[in-house]
Amino acid sequence: DTEVTQTPKHLVMGMTNKKSLKCEQHMGHRAMYWYKQKAKKPPELMFVYSYEKLSINESVPSRFSPECPNSSLLNLHLHALQPEDSALYLCASSQVPAGGPGQYFGPGTRLTVT
Amino acid sequence: RKEVEQDPGPFNVPEGATVAFNCTYSNSASQSFFWYRQDCRKEPKLLMSVYSSGNEDGRFTAQLNRASQYISLLIRDSKLSDSATYLCVVNRQGGSEKLVFGKGTKLTVNP
């Protein structure tokens, strides 16, 4: 089963709201990722967790805060976002190291910031 | 030079056609290579990994030329369901979890 699930599917939030995106996988993968994708652009890496520890932060603004409670779960906490943060947020997972079979993506959360 | 460059497309082909996508990458230390497909408003889905020996999965054939830093994807007997954007993906350096995505090439297969 190569499934990564994400909730919610859609999210509309104001600039003063606090919300969280959730991601789950049960493939035994020990690396999990957050990507941001704008329309007609490729996904852009935001964060990588490897063995539940943050290993890569691609200079993401602090209004995005990742959390990895355990090896199956990944959260992205959102606070004081800007309208330009509206995008599709994708979670992915892979074996460690990430070569070989590649990364598997969840269906994404489509975020609109008003 | 961009890290991963693909044919800009779009490609419009009739059903049954053979279509080839090309991709070049700039980091010679890259060790993992993939093709993903992404349907409109959906997530990228792993199509196949690419190996130096070349690999085939049904109608799809992927090739890697490390000397030229070139990757290709060939789709034979194209189907309407092959219509999607095809993303060439390379890891930034050996063993790294950082994947770099090409901008993608949009394919439309027409009846």
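The values are calculated or read from the model by the stated rules, or taken from the named source; none is laboratory data. Computed from a prediction, not measured in an experiment: that's the story for all the values here. All Cβ positions, even for glycine, are placed from backbone atoms using ideal geometry, and neighbour counts span all protein chains on display. Side chains included, ligands, DNA and RNA excluded: accessible areas come from the protein's heavy atoms. Shrake-Rupley method; radii C 1.70, N 1.55, O 1.52, S 1.80 Å.
See the values below:
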| item | result |
| --- | --- |
| Non-local Lys pairs in chain B, i.e. 8 or more apart or on different chains, that have alpha carbons under 16 Å apart | 7 |
| Heavy-atom accessible area ranking, 1.4 Å probe, most first, across B:Asp77, B:Asp82 | B:Asp77, B:Asp82 |
| Occluded residues from segment B:59-101, i.e. those whose accessible area drops by 30 Å² or more once the chain is not alone (1.4 Å probe) | B:Glu97, B:Lys98, B:Leu99, B:Phe101 |
| All aspartates and glutamates inside 15 Å of A:Lys18 as judged from Cα atoms, apart from same-chain residues fewer than 8 positions distant | A:Glu67, A:Asp85 |
| Positive-end residue of A:Cys68, A:Met27, A:Pro8, charge dipole of segment A:1-75 with Cβ unit charges | A:Pro8 |
| At R0 = 41 Å, FRET efficiency that the Cβ-Cβ distance of A:Ser20 and B:Ala17 yields, to 0.05 | 0.35 |
| Interface B:A - total buried accessible surface [probe 1.4 Å, Å², rounded to 100] | 1700 Å² |
| Theoretical FRET efficiency, 1/(1+(r/R0)^6), r = Cβ-Cβ of B:Arg59 and B:Asp7, R0 22 Å, to 0.05 | 0.70 |
| Relative contact order (%) - criterion: Cα under 8 Å, at least six apart; region: chain B | 37 percent |
| Beta bridge orientation in chain A: antiparallel %, DSSP, nearest 5 | 90 percent |
| Estimated dipole of segment B:21-82 in Debye, rounded to 20 [Cβ of Lys and Arg +1, of Asp and Glu -1, Cα centre] | 100 debye |
| Cα-centred dipole magnitude for segment B:6-111, charges only on beta-carbon of K, R (+1) and D, E (-1), debye, nearest 20 | 260 debye |
| Which of A:Ser93, A:Ser62, A:Ser86 is most accessible, then next, and so on - probe 1.4 Å | A:Ser62, A:Ser86, A:Ser93 |
| Carbon/sulfur fraction of accessible area - the protein assembly as shown, other protein chains in place, 1.4 Å, % | 49 percent |
| Extension gain (nm, one decimal) between B:Arg41 and B:Tyr70, 0.36 nm per residue minus Cα-Cα | 7.6 nm |
